[in-house]
Amino acid sequence: MTLHEIPADLPERGVTVKMRTTQQHNEGDAMLRMVMIVALLMGFAVQGQAFEDKMDEGRDFVTPLMAQLDEMGMEPQRDQDGDVLFFHEDRAYLLLFDVRDPEFLILAVPNLWPVEGAEQRRKLAEVVAEVNARAKVARLIETQGHIWAVQEAVFAEPEHAVAALGRLLYNLDNVVEQFQRHMQLATQTGG
C-alpha cells in the first residue's frame, strides 16, 4: 500500500476549513493540519527506478531501517516505490520515503478508522482534534477515506534514523492508542 491512491478531489469531499466558534476553530485547525499533511503526502509520488537511482548515490536510509526492523522481528517488505511495509503488535505500518528528500521519512499506521458520511466525519474531526492537541509529534489525519496516524521525521544520517526507530514507533503507538480509547468511549456512549 502506498500513498499514490490519495484522491485529488479533497475539496469536493468536504475537506475545508471554516473557523467561527472556538470548537469550529479547533476543528478547523485540525483540518488545516490534516490538509497540509495530505498535500505533503501527495508529493510522495515516487517512481521505483528514480528511488533506486537516488539510493545508489549513497544516501540509503531504507536498507539500514529495514535491517533494524528485521532485527526487531518485524519482517519488513519493500515495495517497488521504495516504501516499506511491516507489522508490529498486530498493526500494519508504512515507512514512506521521498526521493527528492532522502533524509525525510514518514512513519504511518494506515486505515485506523473508515470515514463514512458527514456526521461521522464531524465526530471523527472532534476526536482527531482532541488527540492531536495532546500528541507530541505524531498526528492523526484523514486520507483515502480513513483516519491514519502519521509521524514525519528528518535525519542527517541513516544511523540516526535507526537509533530513533524505537521512539518513532512509541510516539505513533501512543497516538493510535489514544485514538482507539476515544473512539471506544464515543462508541459506548453513542457520541
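The values are calculated or read from the model by the stated rules, or taken from the named source; none is laboratory data. Please read all numbers here as calculations on a predicted model, not as lab measurements. Positions of Cβ are generated from backbone atoms using ideal geometry, with glycine treated the same way; all protein chains shown enter the neighbour counts. Just so you know, the surface numbers come from the protein's heavy atoms only, side chains and all, with ligands and any DNA or RNA stripped out. Shrake-Rupley method; radii C 1.70, N 1.55, O 1.52, S 1.80 Å.
Overview of values
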{"read-out": "The range 161-191 - residue that is open to solvent by less than 20 Å² (accessible area, probe 1.4 Å) and over 20 Å from Leu140 (Cβ atoms) and, of those, modelled with the lowest pLDDT", "value": "Ala161"}
{"read-out": "Number of the exception - Met55 against (1) at pLDDT 85 or above; (2) surrounded by 15 or more Cβ atoms within 10 Å (Cβ to Cβ)", "value": "(1)"}
{"read-out": "The range 148-178, residues that are outside any loop (DSSP other than H, G, I, E, B) and in contact with a strand residue (DSSP E or B) (Cβ under 6 Å, 6 or more places away or on another chain)", "value": "Trp148, Ala149, Val150, Gln151, Glu152, Ala153, Val154, Leu168, Asn171, Leu172, Val175, Val176"}
{"read-out": "Residues being over 24 Å from Arg100 (Cβ atoms) and surrounded by 13 or more Cβ atoms within 10 Å (Cβ to Cβ) - total across the range 69-80", "value": "2"}
{"read-out": "Close pairs (7 angstrom Cβ cut-off, 6 or more residues apart or separate chains): at positive phi in the range 144-155, open to solvent by 40 Å² or more (accessible area, probe 1.4 Å) anywhere", "value": "Gln144/Glu5; Gly145/Pro114"}
{"read-out": "Selection from the range 81-103 of residues that are open to solvent by 20 Å² or more (accessible area, probe 1.4 Å) and among the aromatic types (Phe, Trp, Tyr)", "value": "Phe87"}
